[in-house]
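Novice: Okay, handing you the structure first.
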Amino acid sequence: MHPSLAAVLAYLHLRARVLGRQLAELGLVRGVLLGALLVLFVGKAVETLATHADLQWLVPVLGLGSCLGAHRRRTDLTFLHLASPDARRWLWVEYTVLLLPLGGMLLSLGHAGAAVCLLPVPVLATLPLPRALNRPGERWTSIFRSEAFEWVSGFRQRGLALLWLGAVGGAVWQRHTLVPAVGLVGWALALGGCYDTPEPPEMLLLHRGRAGGVLARKLLLALTLYGLTAAPLLYLVWLSPAGGAGTALLGGWGALVVSMVVLAKYAFYPHATLLRLTQGGVVAVALLPLLNSTYTPLLPAVLGGLIWKSRQRLQQHWHD
C-alpha cells in the first residue's frame, strides 16, 4: 500500500475512534433520540427536494457551510500541520467523505448541478488557522458588551460580520424574491455556532443570583442582539412575497432557535461534546416545521425540556 494512502486511512481510522468515544459519551438513549431526529430530518429534506427542485441549491450551501464551521472550530489543526506536510490532504479526504451522502442524495434526485457545487470542498482544507486571523497582541474593539463574549468571538474569529453583510446584501439585491427569508433563516442558524463552547465555571459563577436568573439574563442578551442584527432582514422579508405574516413567523422562529441553542449550551454544561450534539438535534427539530408544519408542536416540547434541564444543570454548579 502506498505510504500516503496508508497515512490517510490511519487518520480516518483515528477520527472514527474519536467519533465512537463521543457517541459513547452521549449515551444510548440520547444517541437513539438524536439518530431518530436526524433520520426524520433527512427524510423530510429529501421529500422536500423531490417536490421543490429550486431548493436543491441550498444543499451545497448548507453542506459546505457546515464543513467550514467545523473546520474553524477544530482545535487540532496546529498539531496536524506540525505532524505531517500531508495534513491538508487528510482534511480534504475527511470533508469529502462527510459530504459524499449529500452528493449522492442530489445525484439520486437528478440534481447534478447542485452536486457539482460540492466540489470546492478541497478549498476548506487550505483555509488559514482561525488564530492566524488575529496577530498576538493585536487589539480588537467590540461593539458588543463584554458579557456577550460569544458574539464577540463569533464576529472576530468566525466571520459572522461578513456573513451578515452577505445575507443583507443578497436580501437587498433579491428583495422581491424569497431570498430575504432564506437569509433570515440562515442567520438564525449561523448564530448557533457562537454558543457551542462552554465558558469556564469560574466565569459563569461570577454572576449573582440563582440559575434561573442567569439563564434569563443570557437569553435576554442573546435575543436582544439577535433582534438588532435581524431587524434589516426582517424588514426585507416584509417587503418580499412572504409579507407581514411571513415576517412574524420567521422572526418568531429565529428567536425560538436562538433561545433553544442558548439553553442547550447549559443543559449539558460543561461537556462540550454533549452540548454540541444536543445543539445539532435542536437545529434538526427547528428545521422540521419549515419542511412540514405538522412538526411544529415539537418546538415547544423541546423548549420546555431544555428550560428544565438547563436550570437543573446550572443549579448543580451553584450547590457545588
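Novice: Under 18 Å from the Cα of Lys44, which aspartates and glutamates turn up, not counting those fewer than eight places away in the same chain?
Specialist: Straight-distance partners of Lys44: Asp54.
Novice: Within the chain, which is the longest segment containing none of the GluC sites (Glu not before Pro) that sit in a DSSP loop and have at most 16 other Cβ atoms within 10 Å?
Specialist: Longest stretch, sites excluded: 148-320.
Novice: Using a 10 angstrom Cβ neighbour count of at most 10 plus a DSSP loop assignment to flag exposed trypsin sites (Lys or Arg not before Pro), which longest range of the chain is free of such sites?
Specialist: Details: sites that count: Arg139, Arg208.
Answer from the scan: 1-138.
Novice: Taking a cut-off of 17 Å, what percent of all Cα-Cα pairs in the range 35-90 are separated by more than that?
Specialist: More than 17 Å apart: 59 percent of the Cα pairs in the range 35-90.
Novice: Would you mind computing, in nm to one decimal, how far apart the modelled labels at His81 and Leu178 are, each placed 7 Å from Cα along Cα→Cβ?
Specialist: 4.1 nm
Novice: If eta is 0.890 mPa s and T is 25 °C, what Stokes-Einstein diffusion coefficient results for the range 196-320, Kirkwood Rh from Cα pairs, in µm²/s?
Specialist: Estimated via Stokes-Einstein, D reaches 157 µm²/s.
Novice: Under a straight-distance cross-link criterion of Cα-Cα below 12 Å, which aspartates and glutamates are reachable from Lys218, leaving out those fewer than 8 residues away in the same chain?
Specialist: Straight-distance partners of Lys218: Glu147, Glu150.
Novice: Here is a follow-up. Over the chain, consider all pairs of different Cα atoms and compute the Kirkwood hydrodynamic radius from their mean reciprocal separation; express it in Å, one decimal. Can you show the working numbers first?
Specialist: Numbers: mean 1/r = 0.0470 Å⁻¹.
Averaging 1/r across every pair of different Cα atoms and inverting gives 21.3 Å.
Novice: Quick one: pull the percent of accessible area on the range 54-106 belonging to carbon and sulfur, 1.4 Å probe, ligands and nucleic acids left out.
Specialist: Of the solvent-accessible surface of the range 54-106, carbon and sulfur hold 70 percent.
Novice: If you don't mind, there's one more thing I want to ask. With the other protein chains left in place, how much accessible area per residue, in square angstrom, belongs to the chain at a 1.4 angstrom probe? Write out the running numbers ahead of the final one.
Specialist: Details: 17530 Å² over 320 residues.
Solvent-accessible surface per residue comes out at 55 Å².
Novice: Related question: Would you compute, from DSSP H runs of 4+ residues alone, the mean residue ellipticity of the chain at 222 nm, taking -39500 (n - 2.57) per run and dividing by the full residue count, rounded to the nearest 500? Mind showing how you got there, number by number?
Specialist: Working: 15 runs with 238 residues, N = 320.
It lands at -24500 deg cm²/dmol.
The values are calculated or read from the model by the stated rules, or taken from the named source; none is laboratory data. Bear in mind that the values here come from a model prediction, so they are computed numbers and not experimental data. Reconstructed Cβ throughout: ideal geometry from the backbone, glycine too, with neighbour counts over all protein chains shown. Only protein heavy atoms, including side chains, enter the accessible area calculation; ligands, DNA and RNA are left aside. Shrake-Rupley method; radii C 1.70, N 1.55, O 1.52, S 1.80 Å.
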